[in-house]
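Following: one structure in structure tokens, then a few remarks.
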Amino acid sequence: MSRSEQKLVQYLNEAHAMEKGLVRTLQSQIAMTPRGRFRTALEAHLRETRSHVKRVEARLRDLGSGGNPLQAAAGTAQTVLGQAFALAKAPLDLVRGSGGEVKVLKNAKDDCAAEALEIATYDALERLARALGDEETAKLARSIRGDEEKMLDRIRREIPALTDDVVRAEIQGEHTYDPGETGAADAVRDVAATAKDTARKTTASVKRTTTRQARKVPGAADAEGLVKGALASEDDLPIPNYDSLTADEIVEKLRALSQVDLAKIEAYERKNQGRATVLNRATALRADEPWAGYDELTAEEIVARLRDGDDELAQRVRAYERAHKGRASVLNAAERELAHA
């Protein structure tokens, strides 16, 4: 790969890291934002941001970045940094401010800063690509930047109304923030509707189904872990005797945890001891599941799903299992599917 291509890959990796981090930030914000124009904007931009991630990844593949181990490692590091930024903010977002109205307004102001940074990143990427004669990358940067500019304008239009809500709540004592209308609450109601359809099953079976359905809602799993971790006591954590363990002892146990439990540990650790060793490892392990609800399935259920999937699905499962639970039966099934692809 030429020096010019290496520089383009570097800039694309920076953009990719920011987009991945923004996905998690948007998910946590949607979970705490009531229905209305601002949440509609966040939900639309979450879909858009996921598309941005895929488009940047596709361009990186076209440039052959996956063929160079050093470049691949650099890309992973950039993604982890972007996710760490989002995850560091999320638990604080849940508790900062004196009321829900204040939290939502502060999220909107943070989003303005995030969008401005993305716009500048794509400005630089487009300029670099043009200087190097890569019109395809320049076109991609220009297109995504246009989405970010529209989102920044949309958020800014919402800030006056969100500020008025704060005035009414903090000055006039007229609170409008309703936790029952947040994204997390809506997800719970969706789950309750699903549970009614399975009422003929046993109570235990319904409970398992309900939990899985809830975690299939975008952002619900992250929100669940972050909220629980921010409010948890030691007894609520998935690692027994957590407070008496050393950082190294905790790190050894993190690999086996689900994404929900990793989020819970992350939020709890940030609120309490804040040990860098634990936080860095938890952040590194945070990743998108191969599909929504993956962590709630048994190894047998995952193996069955692999039989009906394609080689891309098998690759995602193999990578995730290697980094996390490392179950031999799942890894073997993924390898078989890839061998037959």
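The values are calculated or read from the model by the stated rules, or taken from the named source; none is laboratory data. Just so it is clear, the model here is predicted, and its values are computed rather than measured. So basically every Cβ, Gly included, is an ideal-geometry build from the backbone, and we count neighbours across all protein chains shown.
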Return a yes/no flag: does the range 270-282 have any residue that is part of a helix (DSSP H, G or I) and at pLDDT below 85. yes
Could you list, in sequence order, the residues of the range 235-258 that are charged (D, E, K, R) and either in a loop (DSSP other than H, G, I, E, B) or at pLDDT below 85 (or both)? Asp235, Asp236, Arg255
Residue in the range 103-115 that is of a type in the set (Lys, Arg), outside any helix (DSSP H, G or I) and at pLDDT below 95 present: no
Looking for something assigned by TED's automatic domain parsing to the domain that holds Gln10 and touching a Ser or Thr at 6+ places or on another chain (Cβ under 9 Å) - is there at least one such residue anywhere in the range 154-161? no
Quick one: Gly326 ticks every box in (1) surrounded by fewer than 16 Cβ atoms within 10 Å (Cβ to Cβ); (2) closer than 25 Å to Glu19 by Cβ except a single one, so which number is it? (2)
In the list Arg156, Arg127, which residue meets the criterion of being basic (Lys, Arg), modelled with pLDDT of 95 or more and under 15 Å from Gln10 (Cα atoms)? Arg127
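To keep it simple, each residue is scored yes or no on (1) part of a helix (DSSP H, G or I); (2) touching a residue at least 24 places away in the same chain (Cβ under 8 Å); (3) more than 28 Å from Glu136 (Cα to Cα); (4) not assigned by TED's automatic domain parsing to the domain that holds Lys7.
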| position | (1), (2), (3), (4) |
| --- | --- |
| Val23 | yes, yes, no, no |
| Ile30 | yes, yes, yes, no |
| Leu46 | yes, yes, no, no |
| Ala58 | yes, no, no, no |
Test: residue in the range 32-50 that is buried (at least 23 other Cβ atoms within 10 Å of the Cβ), more than 17 Å from Asp153 (Cβ to Cβ) and modelled with pLDDT of 75 or more: yes
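Can you find a residue that is over 27 Å from Ala44 (Cα atoms), in contact with a Lys or Arg (Cβ under 7 Å, 6 or more places away or on another chain), surrounded by fewer than 17 Cβ atoms within 10 Å (Cβ to Cβ) and at pLDDT 65 or above anywhere in the range 172-180?
Yes, the range 172-180 contains a residue that is over 27 Å from Ala44 (Cα atoms), in contact with a Lys or Arg (Cβ under 7 Å, 6 or more places away or on another chain), surrounded by fewer than 17 Cβ atoms within 10 Å (Cβ to Cβ) and at pLDDT 65 or above.
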Out of all the residues in the range 270-299, which are over 24 Å from Val53 (Cβ atoms), among the small types (Gly, Ala, Ser) and out of contact with any helix residue (DSSP H, G or I) (no Cβ under 7 Å at 6 or more places or on another chain)? Gly274, Ala276
Kindly list, by first and then second residue, each pair from a residue in the range 268-297 that is on the phi > 0 side of the Ramachandran plot to a residue that is part of a loop (DSSP other than H, G, I, E, B), limited to pairs with Cβ atoms under 6 Å and residues at least 6 apart or on different chains. Gly293/Arg215; Gly293/Lys216
Taking the condition of being crowded, with 24+ Cβ neighbours inside 10 Å and either of a type outside the set (Gly, Ala, Ser) or assigned by TED's automatic domain parsing to the domain that holds Arg327 (or both), how many residues in the range 261-277 meet it? 5
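Residues checked against (1) under 22 Å from Val260 (Cα atoms); (2) of a type outside the set (Ser, Thr, Tyr):
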site	(1), (2)
Ala304	no, yes
Val317	yes, yes
Tyr320	yes, no
Asn332	no, yes
Leu338	no, yes
Among the residues of the range 144-170 satisfying the criterion of being basic (Lys, Arg) and touching a residue at least 24 places away in the same chain (Cβ under 8 Å), which is farthest from Gly36 (Cα to Cα)? Arg145
